[in-house]
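Peer 1: Below is the structure I would like to discuss, written out as structure tokens.
The values are calculated or read from the model by the stated rules, or taken from the named source; none is laboratory data. None of these values were measured; they are calculated from a predicted model. All Cβ positions, even for glycine, are placed from backbone atoms using ideal geometry, and neighbour counts span all protein chains on display.
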Amino acid sequence: MSRTIRGLLVTASAVAMALTASAEQTVEDRIAALEAMVAELKAELASEKAATDADIVRIETVATQAAPAPAVPQKTDGFLVGDATLKFGGLIDLDVHATSLSDGAIASNSIARDFYIPGATPIGGDGTDFTDFTAESSRFFLAASKPAGDGTVEGYIEMDFLGSAQGNELVSNSYSPRLRRAYVKYGNWLAGQEWSTFQNTSAIPESASFLILSDGMIFIRQPQIRYAKGNWMFALENPNTTTLNAGSRDENLIPDLVARYNFSGAYGNVSVAGIARQLRADFGTSEEQTFGYGLSVSGKLMAGESDDIRFNLVGGEGIGRYVGLAASRSAALDPNGKLEAIPSYGGLVAWRHPFGETARLNIGYSGLFVDNPDYLPAASTTKSVQSAFGAVLWDVAPKVTVGFELMHGIREVESGADGSISRFTFSTKYAF
């Protein structure tokens, strides 16, 4: 091979090698540049992500601080109408009474056929037996409350159907409602018809019938103005003078005055109450008056983990209609035409004993004893009323109670004659 050709080949080989080396160096440079760009992009993305996360945290923090948490719906006892809370409720009650009277009878339209009224027990005559079905003690109420100033104003009205003069048992047993309670309350004040402040309602025994042991029980609802502060209660209540021989008088000028102090604790509750009354009668040609008073101790005491004892002790002069469902009267007109307050005393005690899951046994005794003047007719003036009862009740479903009850009562007059009542009651009640 000629020297010229050999030189060309060597030169070509050198150029090729140089080109190859240059190409390899260019690729490596490009790869390095790409890697640098990727690293730079990653750094920028990481910086932007950190800034974005910080913004998100800041926005959520501001939103949490600025916007209150959604209100959790609160369960209310009733329903709202504007800013007033209304509540409707009541009791559906069916009572079946099988009654046996030793003497006489009770008229078919008498309220004494629906529950025990001590003074209505007849004396003299042939005994009678009868059975009654009644739903008249069913009741309903409407309560309302709304904010007023720094407090709340409350209203309450309650009715049932007992003692209706409208209905009868011929076809439809339709009975008109009667007013039980109706009052307005604001702060420490109550005005309207309510249980007398002289009465502690927690002393009322549980029973299958509408009311039991009423002989020596303080039991009365009436219009009043009441002030309560702490444990103290004071009231001006509707006055009325009932007499044994001059009818029921409604000529009082001074309301009945009641003061009461309440004790309460883990042991239960006890109230001590006093009442002062003007007894007045206007006969046209003369106006007669005297004064009466009464003292009571009543309440409910726990006996063990679940048992309780309910009691009521009362005594005084001229307390008449406040005790025993008016079994006696407040006053009598003496032979000289003067009003005389009638002394009486009485009380009740009842034991409530739960057993099983929802059942309970109730037993008790009650009595009222009257010191009547000698000039009153001995054959018709009540000297004493007494009764005892036993009842078993159990809740067969929530707020549905079935009960059986047996009671026996005796009424005695000043002559020594007496009459008795025995009554078996079956009841079903649904409270809503």
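Peer 1: Name, by its number, the condition in (1) under 23 Å from ASN200 (Cβ atoms); (2) acidic (Asp, Glu); (3) touching a Ser or Thr at 6+ places or on another chain (Cβ under 8 Å) that does not hold for ASP307.
Peer 2: Failing condition for ASP307: (3).
Peer 1: Hey, does segment 376-383 have a residue that's closer than 23 Å to VAL297 by Cβ and either basic (Lys, Arg) or crowded, with 20+ Cβ neighbours inside 10 Å (or both)?
Peer 2: The answer is no, given that none of the residues of segment 376-383 is closer than 23 Å to VAL297 by Cβ and either basic (Lys, Arg) or crowded, with 20+ Cβ neighbours inside 10 Å (or both).
Peer 1: Same structure again: What number goes with the only condition from (1) surrounded by 20 or more Cβ atoms within 10 Å (Cβ to Cβ); (2) closer than 30 Å to LYS399 by Cβ that ALA359 does not pass?
Peer 2: (1)
Peer 1: Against the condition closer than 17 Å to TYR116 by Cβ, out of contact with any strand residue (DSSP E or B) (no Cβ under 9 Å at 6 or more places or on another chain) and either surrounded by fewer than 21 Cβ atoms within 10 Å (Cβ to Cβ) or among the aliphatic types (A, V, I, L, M) (or both), how does LEU325 come out, does it pass? Steps first, please.
Peer 2: Numbers: closer than 17 Å to TYR116 by Cβ: yes; out of contact with any strand residue (DSSP E or B) (no Cβ under 9 Å at 6 or more places or on another chain): yes; either surrounded by fewer than 21 Cβ atoms within 10 Å (Cβ to Cβ) or among the aliphatic types (A, V, I, L, M) (or both): yes.
In short, yes.
Peer 1: For the structure I just gave you, tell me whether ALA331 is in the same structural domain as GLY125 (by TED's automatic domain parsing) and surrounded by fewer than 22 Cβ atoms within 10 Å (Cβ to Cβ). Give the steps one after another, and end with the answer.
Peer 2: Working: in the same structural domain as GLY125 (by TED's automatic domain parsing): yes; surrounded by fewer than 22 Cβ atoms within 10 Å (Cβ to Cβ): no.
Taking the combined requirement at face value, the residue does not satisfy it.
Peer 1: Being among the aromatic types (Phe, Trp, Tyr) and either under 22 Å from LEU190 (Cβ atoms) or modelled with pLDDT under 95 (or both) is true for just one of PHE283, PHE311. Which residue is that?
Peer 2: When all the criteria are applied, what remains is PHE283.
Peer 1: Next question, about the same structure. Being touching a residue at least 60 places away in the same chain (Cβ under 8 Å) and either within 20 Å of the chain's Cα centre (by Cα) or crowded, with 17+ Cβ neighbours inside 10 Å (or both) is the filter here, so list the residues in segment 222-261 that pass it.
Peer 2: Answer for segment 222-261, where residues must be touching a residue at least 60 places away in the same chain (Cβ under 8 Å) and either within 20 Å of the chain's Cα centre (by Cα) or crowded, with 17+ Cβ neighbours inside 10 Å (or both): ASN240, THR241, THR242, THR243, LEU244, ALA246, VAL258, ARG260.
Peer 1: Does VAL385 satisfy being of a type outside the set (Asp, Glu), in contact with a strand residue (DSSP E or B) (Cβ under 9 Å, 6 or more places away or on another chain) and either without any contact (Cβ under 8 Å) to a residue 60 or more places away in the chain or in a loop (DSSP other than H, G, I, E, B) (or both)? Step through it out loud before you land on a result.
Peer 2: Working: of a type outside the set (Asp, Glu): yes; in contact with a strand residue (DSSP E or B) (Cβ under 9 Å, 6 or more places away or on another chain): yes; either without any contact (Cβ under 8 Å) to a residue 60 or more places away in the chain or in a loop (DSSP other than H, G, I, E, B) (or both): no.
No: the conditions fail for VAL385.
Peer 1: Among (1) assigned to a strand (DSSP E or B); (2) under 27 Å from SER298 (Cβ atoms); (3) under 23 Å from the mean Cα position of the chain (by Cα), there is one condition LEU325 misses while meeting the rest; what is its number?
Peer 2: With (1) assigned to a strand (DSSP E or B); (2) under 27 Å from SER298 (Cβ atoms); (3) under 23 Å from the mean Cα position of the chain (by Cα) applied to LEU325, the lone miss is (1).
Peer 1: Listed residues VAL370, VAL349; which is surrounded by 17 or more Cβ atoms within 10 Å (Cβ to Cβ) and under 22 Å from PHE210 (Cβ atoms)?
Peer 2: Residue meeting the stated conditions: VAL349.
Peer 1: Among what's in segment 291-313 and is of a type in the set (Gly, Ala, Ser) and within 20 Å of the chain's Cα centre (by Cα), pick the residue that is surrounded by the most Cβ atoms within 10 Å (Cβ to Cβ). Full working, then the answer.
Peer 2: Narrowing segment 291-313 to residues of a type in the set (Gly, Ala, Ser): 292, 294, 296, 298-299, 303-304, 306.
Now drop any that are not within 20 Å of the chain's Cα centre (by Cα), which leaves 298-299, 306.
Details: SER298: 26, GLY299: 21, SER306: 11.
Checking each candidate, the answer is SER298.
Peer 1: Just give me the residues in segment 328-355 being free of Cβ contacts under 8 Å to residues at least 40 places away in the same chain, among the polar types (S, T, N, Q) and closer than 25 Å to LEU313 by Cβ, in sequence order.
Peer 2: Answer for segment 328-355, where residues must be free of Cβ contacts under 8 Å to residues at least 40 places away in the same chain, among the polar types (S, T, N, Q) and closer than 25 Å to LEU313 by Cβ: just SER344.
Peer 1: Checking the conditions here, which among ILE254, ILE212 is outside any strand (DSSP E or B), more than 29 Å from GLU136 (Cα to Cα) and in the same structural domain as GLN386 (by TED's automatic domain parsing)?
Peer 2: ILE254
Peer 1: Then there's this: Working carefully through the options THR152, THR134, THR99, THR197, find the one that is hydroxyl-bearing (Ser, Thr, Tyr), surrounded by fewer than 14 Cβ atoms within 10 Å (Cβ to Cβ) and touching a residue at least 12 places away in the same chain (Cβ under 8 Å). Steps first, answer last, please.
Peer 2: Details: THR134 fails: surrounded by fewer than 14 Cβ atoms within 10 Å (Cβ to Cβ); THR99 fails: surrounded by fewer than 14 Cβ atoms within 10 Å (Cβ to Cβ); THR197 fails: surrounded by fewer than 14 Cβ atoms within 10 Å (Cβ to Cβ).
Matching residue, one of THR152, THR134, THR99, THR197: THR152.
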